[in-house]
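The values are calculated or read from the model by the stated rules, or taken from the named source; none is laboratory data. As the structure is a prediction and not an experimental result, all values here were calculated from the model. Ideal geometry is used to build each Cβ from the backbone, glycine not excepted, and the neighbour counts take in all protein chains shown. When the accessible area is computed, the model is the full protein with side chains, heavy atoms only, and any ligands, DNA or RNA have been set aside. Shrake-Rupley method; radii C 1.70, N 1.55, O 1.52, S 1.80 Å.
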Amino acid sequence: MLSIGSPQIKLLEKLCNAMSVSGDEGEVRRIVLEEVKPYADEVKVDALGSVLVRKKGAGRKPLRVLLDAHMDEVGFMIVKDDEGGFYQFRTVGGIDERHLVGKQVIVGKDHTPGVIGAKPIHLTDSSERSHPVDIESMRIDLGPEGKAKAGDRATFATKFKRVGPSIMSKSIDDRIGVAILIELLKNAPDAIELCLAFSVQEEIGLRGATVAGYYFNPDLAIAIDSTPARDLPDYEGRENYTYNTKLGSGPAIYPAHSPVISDPRLVGFLAEVGTKHNIPYQFRQPGGGGTDAGAIQQARSGIPVVSVSVPHRYTHSPISVSRVDDWKNTLNLLHVALQEMTPALLKR
């Protein structure tokens, strides 16, 4: 079994602290390229900016397996200079605007520090306080010395922290998937052809995965992501019966989600691997949200897909919370599954 130690924690910290808002994933791409080149037989950056990696398998025609994790994160784009250090902005990806006022951000390639500002409560009337502040009324404030230009990306300034059994950071979605793919490449089995897509622009339409699925034309694919956990206690302190995933219960295998009904052979195989090797897992309850599997499934003549995610709380907010053990168990479920896959899996 693989472990999560200091090298893996440091890599995830580096990945999470990087800024890689959809459409401008260069910071994470550079980290990925540095990590994968010593272990890959083929490394390509495609026209959209995804990193496509191949590790050849033994034998004449090994099973070709695609693993995908997206490099991008939600964030912001500067759209207009209002002078005096104030900048209009728009969200990139799905962000709840109620989270934004007063949050620290970093802007542009130099990570210029700023804050999202709006009218303070002392100066608002009751009608203004009855609804969330709309984004048109907010500005990113970089101070009189701060400089940005239209098109610059920005994201939350939250730094990665390890707190006991938990990790807390922005962009756990999906830097934890990126870290898992890198570790799986470093421990790749010989019997399969392992294809990895570190994809771009997932948060705005699964765009990088669409191209990656066509390029690799795999026999099967697994999207590795981080899923929102709705496991907070009931507001009256009762047990939460409406959860979709729970922190501490292991990797979440998707029978279905918004754009995909997963291939039942792959769902059953992953569950069998978890049970056989005593690796905790859970089934993500069907509902909203989606992964890159939705795009990969429809590439070429169709590809069998399944999604596996690490659960985390407070997704697409300034800080998310995940468990190290869920990360480790997701890594090991996939590692063992790759070792035990054969072409017979698709003949069930």
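Quick grid of which residues meet (1) among the hydroxyl-bearing types (Ser, Thr, Tyr); (2) at pLDDT below 95:
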residue: ARG230; (1), (2): no, yes
residue: ASP234; (1), (2): no, yes
residue: SER249; (1), (2): yes, no
residue: ALA271; (1), (2): no, no
residue: LYS276; (1), (2): no, no
residue: ARG284; (1), (2): no, yes
residue: HIS312; (1), (2): no, no
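Just one of the listed residues (SER226, SER258) is open to solvent by 20 Å² or more (accessible area, probe 1.4 Å) and under 20 Å from the mean Cα position of the chain (by Cα), namely SER258.
Collect the residues in the range 321-347 that are acidic (Asp, Glu) and farther than 29 Å from MET168 by Cβ, keeping them in residue-number order. Working first, answer last.
Taking the range 321-347 first, the residues acidic (Asp, Glu) are 325-326, 340.
Once the filter is applied, which keeps residues that are acidic (Asp, Glu) and farther than 29 Å from MET168 by Cβ, the range 321-347 yields only GLU340.
Applying the condition of being of a type outside the set (Phe, Trp, Tyr) and open to solvent by less than 10 Å² (accessible area, probe 1.4 Å) to the range 147-165 and asking which residue is farthest from the chain's Cα centre (by Cα) yields ALA154.
Residue check: is LYS276 buried (at least 16 other Cβ atoms within 10 Å of the Cβ) and basic (Lys, Arg)? Here the answer is no, as LYS276 does not meet what is asked.
Answer yes or no as to whether VAL79 is part of a strand (DSSP E or B), open to solvent by 50 Å² or more (accessible area, probe 1.4 Å) and among the β-branched types (Val, Ile, Thr).
Numbers: part of a strand (DSSP E or B): yes; open to solvent by 50 Å² or more (accessible area, probe 1.4 Å): yes; among the β-branched types (Val, Ile, Thr): yes.
Here the answer is yes, as VAL79 does meet what is asked.
When the range 290-337 is examined, which residues are found to be open to solvent by less than 10 Å² (accessible area, probe 1.4 Å), assigned to a helix (DSSP H, G or I) and under 16 Å from ALA197 (Cα atoms)? Answer for the range 290-337, where residues must be open to solvent by less than 10 Å² (accessible area, probe 1.4 Å), assigned to a helix (DSSP H, G or I) and under 16 Å from ALA197 (Cα atoms): ALA293, GLY294, ILE296, LEU334. It is to be established whether one or more residues within the range 258-280 are assigned to a loop (DSSP other than H, G, I, E, B), over 19 Å from MET341 (Cα atoms) and in contact with a Leu (Cβ under 7 Å, 6 or more places away or on another chain). Checking the range 258-280: not a single residue is assigned to a loop (DSSP other than H, G, I, E, B), over 19 Å from MET341 (Cα atoms) and in contact with a Leu (Cβ under 7 Å, 6 or more places away or on another chain). Scanning the range 90-118 for residues that are of a type in the set (D, E, K, R), farther than 23 Å from GLY26 by Cβ and in a loop (DSSP other than H, G, I, E, B) turns up ASP96, LYS103.
Looking only at residues in the range 98-128 that are polar (S, T, N, Q) and modelled with pLDDT of 95 or more, which one is surrounded by the most Cβ atoms within 10 Å (Cβ to Cβ)? Among those residues, the one meeting the criterion is THR112. Could you list, in sequence order, all residues of the range 166-175 that are within 28 Å of ALA209 (Cα to Cα) and open to solvent by less than 40 Å² (accessible area, probe 1.4 Å)? Of everything in the range 166-175, those that are within 28 Å of ALA209 (Cα to Cα) and open to solvent by less than 40 Å² (accessible area, probe 1.4 Å) turn out to be ILE167, SER169, LYS170, SER171, ILE172, ASP173, ASP174, ARG175.
Hey, among ARG54, ARG30, ARG60, which residue is basic (Lys, Arg) and assigned to a loop (DSSP other than H, G, I, E, B)? Spell out how you get there, then give the answer.
Numbers: ARG54 fails: assigned to a loop (DSSP other than H, G, I, E, B); ARG30 fails: assigned to a loop (DSSP other than H, G, I, E, B).
Only one candidate qualifies: ARG60.
Yes or no: the range 231-247 includes at least one residue that is assigned to a loop (DSSP other than H, G, I, E, B) and of a type in the set (Lys, Arg).
Initially, the range 231-247 is screened for residues assigned to a loop (DSSP other than H, G, I, E, B), giving 231-247.
Going one step further and asking which of them are of a type in the set (Lys, Arg), we end up with 238, 246.
Taking every residue of the range 231-247 in turn, at least one turns out to be assigned to a loop (DSSP other than H, G, I, E, B) and of a type in the set (Lys, Arg).
Within the range 281-304, if we keep just the residues that are among the aliphatic types (A, V, I, L, M) and touching a Gly at 6+ places or on another chain (Cβ under 8 Å), the residue that is nearest to MET341 (Cα to Cα) turns out to be ILE303. Selection of the range 165-197 for residues being in contact with a Ser or Thr (Cβ under 8 Å, 6 or more places away or on another chain) and part of a strand (DSSP E or B) yields SER166, ILE167, MET168, SER169, ALA197. When residues in the range 309-348 are screened for being in contact with a strand residue (DSSP E or B) (Cβ under 7 Å, 6 or more places away or on another chain) and either within 30 Å of THR91 (Cα to Cα) or charged (D, E, K, R) (or both), 16 of them pass. Of the residues in the range 231-248, not one is open to solvent by less than 30 Å² (accessible area, probe 1.4 Å) and closer than 23 Å to LEU346 by Cα.
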